[in-house]
1. Points 7 angstrom from Cα along the Cβ direction at K370 and V357: gap in nanometres?
2. Please work out whether region 267-401 counts as rounded, prolate or oblate from its C-alpha gyration tensor, where a ≥ b ≥ c are the square roots of the eigenvalues and a/c under 1.5 means rounded, while otherwise a/b larger than b/c means prolate and anything else oblate?
3. Calculate the spin-label point distance for Q224 paired with E111, positioning each point 7 Å from the Cα along the beta-carbon direction, and give it in nanometres.
4. Please compute the net charge surrounding S327, taking Lys and Arg as +1 and Asp and Glu as -1 over other residues with Cβ under 10 Å from its Cβ.
5. Near D314, within a Cβ-to-Cβ distance under 13 Å, what is the net charge of the other residues, with Lys and Arg +1 and Asp and Glu -1?
6. Rounded to the nearest 0.05, what FRET efficiency do T208 and Q80 have when you use their Cβ-Cβ distance and R0 = 35 Å?
7. Order of 111-120, 401-410 by packing, highest average Cβ count within 10 Å first?
8. Place the peptides 269-282, 155-168 in order of packing, highest mean first, counting for every residue the other Cβ atoms within 10 Å and averaging per peptide.
Amino acid sequence: MLINLLPAALQYLLTSRLFAQPSSKVSDPHSLKFELRHGLGISNSTSRVVFSDISSSSQFAPEPYVVDTTTLTIPRARSQSRFFSARMRGAQHTVDWDDTDVVGPNVRDRETLQMLAKMTNNAYSQPGSKDWYDLGPEWNSSYPFGWEPDADGFRGHIFATEDNSTVIVSIKGTSAGWIVGGGGPTTRKDKLNDNLLFSCCCARVGPTWTTVCPCYKGKSRCDQNCLEDSLAEESLFYTIGINLYNNVTYMYPHSNIWLVGHSLGGSLASLVGLTFGAPVVAFESPGEKLAASRLHLPLPVAKDHIVHVYHTADPIAMGTCNGVSSSCAIAGYAMETRCHLGKVIRYDTVSKLHWSVDVRTHGIAVIVNKLLSDDWEEGDVPEGNKTKGGVPPLTEEEDCSDCFNWEFGEFKDKSLGAQSCGN
C-alpha cells in the first residue's frame, strides 16, 4: 500500500500499526535494535514524499540492526516558526536555542558506525537485491517503492526500534554510474542537486559548461541572491527533506529521529538535522557548509550532533575532485566544496593504509567492507590522540574556506530574464 502524505497521513495513522508498542526490549540498555518499517520516495506526478509500508510476511529475512548509543546534548530552536522566519530574513541572531538531551548513536564504536553504514547502503537498494545487506532471520522486506522505472527523485528507507522510541531515516545519495557502475532513474535529479549544492556558482567550471542556474555574471563573479533563490526551489532535495522530516514526525510524534546518509544523502541528512536538531551520521559527504550558508540556516554555536565520517583517499569528501581535468568534472559534476559542518571522523587511508586517491573509493560499499570492517589500529592514530573503540578521534575542520577565488555579491543583469534551475 502506498501512502501519500499530507493530508492522508492523519487517516493513515488511525489505521496503521505504527504506534504498536511491543513489550520486548533490548537486553543491553546502551543499545537499540532497529527493524525496517518503510520505504520512501518522491511521487513523480506530485513531487510529494510518499511512503510504502513493510510487508510482515516476506521471502526476505534479515535480522534487526543493533547499534550502541550515547547521550547527546543538542541545541534546538525554541521555535521552529522563528527558525524559518529567521531563514527568510537572514537574521540568524533572532533564533533562541534550547539544549536538549537525546539518545544518539555512539560514533566512537566502530561496529555502530558500520551498522549505520549498512543502513545507509541499503538506501540505494531493494531488499533482496545483491547489494542489500541481509543480516539474519528476523528481518522484514520493504515494498520496492521508489524503484519503479519512472521514479526519479528522493529515495530512502525508514527504520524503527521495536518500541518506536527511535527512528532512523536513511537518505540515498547520488546514483552515478561513473563511480560504481549502474546509475538509475534518479541520476539526473541527483546531479542537479549536486551541482547546485556543491559548486561555487551554478556548476560554472569552464566556458564550455552549461550552468544549472543563471547566477554566473562573468569574470569569476556570482550573484548571491540568485544562488539563494535557486536553492530555495520547491523541487530541490533540501526542501523535500524538510517535508519528509515533518511527515515522519507526524507518523512518530513521540520518537527520537536520527538521520544517516552517504554522499549527497549525507549532506542532505546534515542540512535537515541542523534544521531540526536531530543526530546525524554522514558518510563520505561533500562539504555542505557553504550550502547551509546559502540556505540561510541559522547556526547554533555547537553542532556536535552532526558527525561526518570519511577517509583521505576519497577526493569528493576531501574536496579535491574539482577542476576541468578532474574525474568529477569530466563526468559533469562540479564538486567544488570541502568544508563540513559539525564534527569529523577522518580515516587517513592514504598515509596509514597507502590507498591511492581515487573516486572509486567513494562508494558506500568500500566504507562498509573495507574501511569499517576492522578496528582502526591504535598505531594508526597519532600519538596524543589515542582513542578507544578502534575509531579515529573526533575533530573539527578549522580554518576551512570554500570558493575563495570567487566574488559573490549583487550583480544585476536584466538581459538574462527569469530562469529556473536546470533550464
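1. Distance between the two pseudo-spin positions: 1.6 nm.
2. oblate
3. The modelled label-to-label distance comes out at 5.0 nm.
4. 0
5. Taking every other residue near D314 into account, the sum is +1.
6. Given R0 = 35 Å and the Cβ-Cβ separation, E is 0.20.
7. Descending mean neighbour count gives 111-120, 401-410.
8. 269-282, 155-168
Coordinate-derived values only; no laboratory data. In this text the structure is predicted, and so the values were computed from the model without any measurement. Every residue, glycine among them, receives a Cβ derived from its backbone with ideal geometry; neighbour counts consider all protein chains shown.
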